[in-house]
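The block underneath contains the structure these notes are about, expressed in C-alpha cells.
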C-alpha cells in the first residue's frame with residue numbers, strides 16, 4: 001500500500017501544485033454545464049429559441065443546428081468562467097505560495113505526497129468574514145489518487161493546525177456542483193452555513209451557487 005506523506009509546501013512543488021489545482025478545477029466544467037442546463041430560465045430560452053426557429057423556418061434541420069450551436073456557446077461560457085477563475089488564482093496566491101501562505105501569520109500550505117509525487121494540496125488562511133476562524137482553501141487531490149483517504153487527512157491537518165492556534169472553527173467555500181467535495185466535508189463534520197450565487201454576470205447566468213461550510217472545533221473537541 002502506498003505511503004501518504006503530508007508535509008509543508010516547498011518551492012520546488014510549485015509546478016505540481018499548479019497542475020493539481022488546474023486539473024481539479026477543470027473537472028467541474030461538465031457538471032457545471034449540466035447544472036446550467038437544468039435551470040428553468042436556461043430551459044425556457046432554449047425552448048423558445050427552438051419554437052421560434054421551427055415556426056419561422058421551413059426546414060426542421062435548421063432549428064436543430066441552431067440549438068446545437070446555442071448549446072456549444074453555453075458550454076464555452078462555462079469554460080470561460082472556469083478558465084478565468086484558474087487564471088486569477090494562478091496569478092494571485094498560487095503565484096508565490098511561500099509568500100502568501102508560509103510567511104504569513106496563521107497561514108500554511110501543505111502537499112500530499114505519494115512515492116515522491118505531489119498528488120494533493122490544501123491551505124488555510126485567517127478567514128476574512130468570520131472572526132476567530134481559519135479558512136480552508138485550495139483543496140485538491142489528483143483523480144488517480146482518490147479513494148485513498150488523502151482528502152480526509154488533508155482536512156484533519158487543517159483542523160489540527162487551526163486548533164493548535166486557538167481558533168474556534170474552520171470555514172470553507174465550495175460549489176454546488178462539487179458533489180464529492182460536499183460529501184467529504186459533511187462526513188468530516190462540517191455544517192452548511194449558507195448558499196449564495198456569485199455576483200459576476202456569467203455566474204448569475206449559470207446560477208453558479210457557492211456553499212459555505214463551518215467546522216466548529218470546540219464542539220468537535222467535546223465529542224472526542
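Every number in this text was worked out from the coordinates using simple rules, so none of it is lab data. All of these numbers come straight from a predicted model, not from anything done at the bench. Glycine gets a Cβ as well: all are built from the backbone with ideal geometry, and neighbour counts include every protein chain shown.
Odds and ends about this structure:
- The value of relative contact order for the chain, using C-alpha pairs under 8 Å at least six residues apart, is 21 percent.
- The chain - mean residue ellipticity at 222 nm from DSSP helices (-39,500 (n - 2.57) per run, n ≥ 4, rounded to 500): -15000 deg cm²/dmol
- When 51, 133 are sorted by how many other C-beta atoms sit within 10 angstrom of their C-beta, beginning with the fewest, the order is 51, 133.
- Going by neighbour counts of Cβ atoms within 10 Å, the residues 44, 148, 139 line up, fewest first, as 44, 148, 139.
- Between helix 150-164 and the chain: long-axis angle, C-alpha atoms, 0 to 90°, nearest 10: 50 degrees
- The value of relative contact order for segment 141-224, using C-alpha pairs under 8 Å at least six residues apart, is 32 percent.
- Highest-MSF residue in the chain out of 47, 211, 86 [GNM, Cα springs under 10 Å]: 47
- With R₀ set to 30 Å, the beta-carbon distance separating residue 66 from residue 29 gives a calculated FRET efficiency near 0.85.
- Two-site FRET efficiency, residue 198 against residue 16, from Cβ-Cβ distance with R₀ of 25 Å, rounded to 0.05: 0.30
- Most fluctuating residue given options 52, 112, 151, as computed from a GNM of the chain linking Cα atoms under 10 Å: 52
- Calculated FRET value between residue 186 and residue 50, using beta carbons and R₀ = 45 Å, to 0.05: 0.70
- On Cα atoms only, tilt of 40-56 relative to the major axis of the chain in degrees: 20 degrees
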